[in-house]
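Undergrad: Please find one structure pasted underneath; my questions will follow.
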Ligand SMILES: [Zn+2]
């Protein structure tokens with residue numbers, strides 16, 4: 001059995017180290033304090049008996065659990081990230097363990113009146129009677145993704161202590177800077193040497209994901225003409241009015257607040273305007289590759305139409321792809337999703353397979369040659385003070401990792 005106390009102790013030892021990443025930094029890791037946890041993790045991996053433990057100059061950690069079977073089994077990997085989101089502070093995390101949760105409001109911070117309530121966060125009720133780890137209401141928790149690291153380390157330790165469980169070679173990878181979109185950037189896929197891997201970075205128990213958005217960013221620059229307002233007739237062109245027309249020419253219902261599941265959108269993230277110039281920043285998202293391309297064309301065409309109407313280049317547009325749907329890379333190796341699904345079913349966990357309305361490091365890794373679906377790590381309400389994780393979900397995720405390793409060896413006998 002995987003001990004609850006052991007999991008709690010390990011998790012708390014990680015979240016109490018501040019590893020907030022910083023999008024403004026150009027170094028890797030983006031913040032020096034990520035080294036504190038990275039170095040500790042490398043030591044811990046050695047101490048539990050992992051082999052080939054390496055930590056490179058960018059703080060990427062890799063380690064091996066050697067096969068304990070005679071027959072050939074493809075090498076599988078498990079990946080998570082040790083940085084936390086810059087959206088909310090990760091310094092001085094003071095986790096609190098709540099035993100036998102009673103399904104009522106949890107006062108995170110009486111002084112500041114911060115309440116974690118099932119009236120607002122209904123998911124809490126799924127965990128009545130379980131052990132929750134919560135914040136003190138002033139920081140995030142860091143279950144994203146230190147729950148994932150806890151589970152991977154604990155699973156490796158369990159497999160080492162229980163050699164009767166048969167498995168092939170397993171690789172473990174821990175990355176910095178996932179929260180600022182760079183976790184995969186310096187991940188050495190060749191060195192990792194796995195046929196495929198799983199990121200342990202999902203939320204609710206049962207989550208299994210292999211589809212995410214195709215993503216692009218668009219910067220639209222609208223040029224006006226500024227003249228003295230008292231003498232502007234027939235001369236002034238106010239870029240903010242043109243920007244408004246541009247915004248309204250895009251389908252109003254195809255926005256984040258009106259879409260769900262597989263529906264894509266245009267999202268106006270930011271606008272900054274004056275008479276002379278207005279800049280609009282959009283993100284474009286769609287699971288379907290053709291629809292994604294069509295959305296980019298819609299914006300391109302709109303730009304041309306405006307320029308034709310004004311008989312000058314009044315609108316300029318720059319569209320940049322950001323990441324792509326991993327589905328394309330997972331479908332040819334669909335058995336890796338099937339094995340994860342079967343592992344959950346054997347453990348009586350109901351698989352929740354749904355498209356991600358965002359991206360993961362796994363999507364980038366999949367395009368770098370390491371197909372990489374995403375599995376639940378157990379936490380909820382990421383990137384803020386209401387973040388929490390049920391300890392039971394971390395234990396179940398640990399069991400899923402062990403079961404995937406076991407099933408993979410079994411299927412290749
Ligand atoms: Zn994460």
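Undergrad: Being touching a residue at least 40 places away in the same chain (Cβ under 8 Å) and over 16 Å from residue 299 (Cα atoms), is that true of even one residue in segment 263-270?
TA: no
Undergrad: OK, next. Please enumerate the residues belonging to segment 216-259 that are assigned to a loop (DSSP other than H, G, I, E, B) and closer than 30 Å to residue 288 by Cα.
TA: Correct list: 250, 251, 252, 253, 254, 255, 259.
Undergrad: Under 6 Å by Cβ, and 6 or more places apart or on different chains, what pairs join a residue from segment 342-369 that is within 25 Å of residue 188 (Cα to Cα) with one that is within 16 Å of the ligand (Cβ to nearest atom) and assigned to a helix (DSSP H, G or I)?
TA: 361/178
Undergrad: Let me spell it out: the conditions are (1) within 16 Å of the ligand (Cβ to nearest atom); (2) touching a helix residue (DSSP H, G or I) at 6+ places or on another chain (Cβ under 9 Å); (3) part of a loop (DSSP other than H, G, I, E, B), and residue 152 meets all of them except one. Which number is the exception?
TA: The single condition residue 152 does not satisfy is (3).
Undergrad: Still on this structure, I have one more. What number of residues within segment 166-181 satisfy the criterion of being within 12 Å of the ligand (Cβ to nearest atom) and surrounded by fewer than 22 Cβ atoms within 10 Å (Cβ to Cβ)?
TA: Adding up the residues that qualify gives 2.
Undergrad: Considering only segment 67-81, state which residues are crowded, with 20+ Cβ neighbours inside 10 Å and in a loop (DSSP other than H, G, I, E, B).
TA: Within segment 67-81, just 73 meets the criteria.
Undergrad: Identify the residue in segment 286-297 that is out of contact with any helix residue (DSSP H, G or I) (no Cβ under 8 Å at 6 or more places or on another chain) and crowded, with 17+ Cβ neighbours inside 10 Å and, among all such residues, is nearest to residue 226 (Cα to Cα).
TA: Among them, the one singled out is 296.
Undergrad: Find the residue count for segment 143-164, including only residues that are surrounded by 24 or more Cβ atoms within 10 Å (Cβ to Cβ) and either farther than 24 Å from residue 178 by Cβ or in contact with a strand residue (DSSP E or B) (Cβ under 6 Å, 6 or more places away or on another chain) (or both).
TA: Final tally of qualifying residues: 8.
This table checks each residue for (1) more than 16 Å from the ligand (Cβ to nearest atom); (2) at positive phi; (3) surrounded by fewer than 23 Cβ atoms within 10 Å (Cβ to Cβ).
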site	(1), (2), (3)
26	yes, no, yes
46	yes, no, yes
54	yes, no, yes
65	yes, no, no
83	no, no, no
99	yes, no, yes
107	yes, no, yes
141	no, no, no
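Undergrad: Is it true that some residue in segment 383-390 is at pLDDT below 95, part of a loop (DSSP other than H, G, I, E, B), touching a helix residue (DSSP H, G or I) at 6+ places or on another chain (Cβ under 8 Å) and closer than 23 Å to residue 90 by Cβ?
TA: Yes, segment 383-390 contains a residue that is at pLDDT below 95, part of a loop (DSSP other than H, G, I, E, B), touching a helix residue (DSSP H, G or I) at 6+ places or on another chain (Cβ under 8 Å) and closer than 23 Å to residue 90 by Cβ.
Undergrad: Going through segment 372-402 one residue at a time, which ones are over 30 Å from residue 138 (Cα atoms) and surrounded by fewer than 24 Cβ atoms within 10 Å (Cβ to Cβ)?
TA: Correct list: 399, 402.
Undergrad: With (1) within 23 Å of the chain's Cα centre (by Cα); (2) free of Cβ contacts under 8 Å to residues at least 40 places away in the same chain; (3) not in a helix (DSSP H, G or I) as the list, and residue 312 as the residue in question, which single condition is left unmet?
TA: (1)
Undergrad: Scan segment 401-413 residue by residue and report those that are in a helix (DSSP H, G or I) and more than 19 Å from the chain's Cα centre (by Cα).
TA: 402, 403, 404, 405, 406, 407, 408, 409, 410, 411
Undergrad: For a quick check of your reading: which strands (runs of 3 or more DSSP E) sit entirely within segment 164-215 and have at least 3 residues that are more than 24 Å from residue 352 (Cα to Cα) and modelled with pLDDT of 95 or more?
TA: Numbers: elements: 170-175, 196-202, 207-209.
Those strands (runs of 3 or more DSSP E) span 170-175.
Undergrad: What are the residues in segment 356-370 that are modelled with pLDDT of 95 or more and outside any loop (DSSP other than H, G, I, E, B), if any? Break it down stepwise before answering.
TA: In the first step, residues of segment 356-370 are kept if they are modelled with pLDDT of 95 or more; the result is 365-370.
Matches in segment 356-370: 365, 366, 367.
The values are calculated or read from the model by the stated rules, or taken from the named source; none is laboratory data. Predicted model, so just to flag it, every value in this text is computed and none were measured. When we count neighbours, we look across all protein chains shown, and the Cβ atoms used for this are built from the backbone with ideal geometry, even at glycine.
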